[in-house]
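**Q** After the structure tokens below, expect a handful of questions from me.
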Amino acid sequence: MSQKTAIYPGFFDPITNGHLSIVTRGLEIFDKLIIAILNNPHKTPLFSIEERIFMIKAAVKDKPNIEVDTFDGLLVDYAVSKNSNVILRGLRALSDFEYEFQMALMNRKLNRHIQSLFLMTDYKWFYTSSTIIKEAASFGGDITGLVPDIVSQKLKEKFRN
């Protein structure tokens, strides 16, 4: 029996406990997850690719069968290069659904063999996003419990400077 691998793509600037919830639940469905960080030249991240890789690896160090990687270009091409036909995405609100639905349809148009699988976020992460967490941290807000400890530490370091 072959190993079933899913690609969990995102910007992960930074990874949150909501993301990690999707990772944990994804590992209940798939044998392997590849957390694929999008290298998007149209966005200006707070953390470098290297910093994001470090934080993600630290956050998932106790979870088996996870690979952390980066990609640019088309996600469907990346999935094929990794011998996967599944893109795993998390959904929070209706606005997420509209965007993700459009992306899934475009990916399906680009490669009919790639499937998109959506997991609803756990209710406790419904209101969180990397953007909101970064904003709260920038004003000294307490983000304990919303992100892994390593991310909290790195956000404090960024905003201390």
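Read-outs: derived from the displayed coordinates by stated rules, not from any lab. These figures come from a predicted structure and were not determined experimentally. Note that each Cβ is placed from the backbone with ideal geometry, even for glycine, and that neighbours are counted across all protein chains shown.
**Q** Scan the range 123-161 for residues that are out of contact with any Phe, Trp or Tyr (no Cβ under 8 Å at 6 or more places or on another chain), charged (D, E, K, R) and surrounded by 15 or more Cβ atoms within 10 Å (Cβ to Cβ) and jot them down.
**A** Correct list: K134 only.
A quick yes/no check of all residues on (1) touching a Ser or Thr at 6+ places or on another chain (Cβ under 6 Å); (2) at positive phi; (3) of a type in the set (S, T, N, Q):
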{"position": "T5", "(1), (2), (3)": "yes, no, yes"}
{"position": "P9", "(1), (2), (3)": "no, no, no"}
{"position": "F12", "(1), (2), (3)": "no, yes, no"}
{"position": "L27", "(1), (2), (3)": "no, no, no"}
{"position": "I35", "(1), (2), (3)": "no, no, no"}
{"position": "N40", "(1), (2), (3)": "no, no, yes"}
{"position": "K43", "(1), (2), (3)": "no, no, no"}
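**Q** Which condition number in (1) closer than 27 Å to P148 by Cα; (2) touching a residue at least 40 places away in the same chain (Cβ under 8 Å) is the one that K43 fails?
**A** All conditions are met except number (2).
Here is a yes/no grid of residues against (1) free of Cβ contacts under 8 Å to residues at least 60 places away in the same chain; (2) over 26 Å from K32 (Cα atoms); (3) among the charged types (D, E, K, R):
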position	(1), (2), (3)
V76	yes, no, no
S84	no, no, no
E100	yes, no, yes
E157	yes, yes, yes
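**Q** Consider Q115 carefully, then state whether it is farther than 22 Å from G26 by Cβ and either more than 16 Å from the chain's Cα centre (by Cα) or surrounded by fewer than 16 Cβ atoms within 10 Å (Cβ to Cβ) (or both).
**A** Details: farther than 22 Å from G26 by Cβ: no; either more than 16 Å from the chain's Cα centre (by Cα) or surrounded by fewer than 16 Cβ atoms within 10 Å (Cβ to Cβ) (or both): yes.
So Q115 does not fit the description; no.
**Q** Give me a count of the residues in the range 49-77 that are within 20 Å of L110 (Cα to Cα) and more than 15 Å from the chain's Cα centre (by Cα).
**A** 4
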